[in-house]
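Just below is one structure, and these are the notes that go with it.
Where a number appears in this text, it was derived from the coordinates with a stated rule and is not lab data. Owing to the predicted nature of the structure, the values given are computational and were not obtained by experimental measurement. Reconstructed Cβ throughout: ideal geometry from the backbone, glycine too, with neighbour counts over all protein chains shown.
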Amino acid sequence: MDISVAEFKADIDQYLERAGEEEIILTKDDGPFVRIAPVPGGFAEYLLSLRGILPKTATVEEAHEERIAKYERHL
């Protein structure tokens, strides 16, 4: 997602929340300026690890339950 620095400043809380799930490129003077990306091993990576296991309509709670069940099956 590309947004201007001004847009980012105007609604920083919303964009920081989204940055935990996807990369955000801040633009300044019509060009890329800063990249904000999720931390490896964070929540976004956790959700991506469930790709192909759960339907696209699954909720976060269902994803969490599936991950726990998968772990318990390996014990």
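Just need the relative contact order of the chain here, percent rounded to a whole number, with Cα pairs under 8 Å and 6+ apart. Can you show the working numbers first?
On the way: 60 pairs, mean separation 16.4, N = 75.
After rounding, I find 22 percent.
Mind checking which lysines have their C-alpha under 19 Å from Lys56, skipping anything on the same chain fewer than 8 residues away?
Candidates past the 8-residue exclusion: Lys70.
At a Förster distance of 25 Å, what's the computed FRET efficiency of Gln14 paired with Phe43, Cβ-Cβ distance as r, to 0.05? Numbers along the way, then the final one.
Details: r = 16 Å, r/R0 = 0.65.
Plugging the Cβ-Cβ distance into 1/(1 + (r/R0)^6) gives 0.95.
Just check the range 1-44 against the gyration tensor rule for me: Cα atoms, a ≥ b ≥ c as the square roots of the eigenvalues, rounded for a/c under 1.5, and otherwise prolate or oblate depending on whether a/b exceeds b/c. Present the calculation step by step, with values, prior to reporting the outcome.
Working: a/c = 3.32, a/b = 1.62, b/c = 2.06.
Since a/c reaches 1.5 but b/c is at least a/b, the shape of the range 1-44 is classed as oblate.
What do you get for Rg/Rh of the chain when both radii come from the Cα atoms and Rh is the Kirkwood radius? Could you put the intermediate results ahead of the total?
Working: Rg = 16.2 Å, Rh = 14.3 Å.
Answer for the chain: 1.14.
Amide H neighbours of Ser4 under 5 Å, counting only residues 5+ apart in sequence or on other chains, H built in-plane at 1.01 Å?
Those qualifying (amide H under 5 Å, at least 5 residues apart or on another chain) are Thr27.
From the helices alone, meaning DSSP H stretches of at least four residues, give me the mean residue ellipticity at 222 nm for the chain, per-run term -39500 (n - 2.57), in deg cm²/dmol to the nearest 500. Spell out each step's value before the answer.
Details: 4 runs with 34 residues, N = 75.
Computed mean residue ellipticity for the chain: -12500 deg cm²/dmol.
Students often forget the sequence filter, so: which lysines lie under 17 Å Cα-Cα from Lys28 once same-chain residues fewer than 8 apart are removed?
Reachable lysines: Lys9.
Roughly what angle does helix 60-73 make with the longest principal axis of the chain, taking Cα atoms, 0 to 90 degrees, to the nearest 10?
40 degrees
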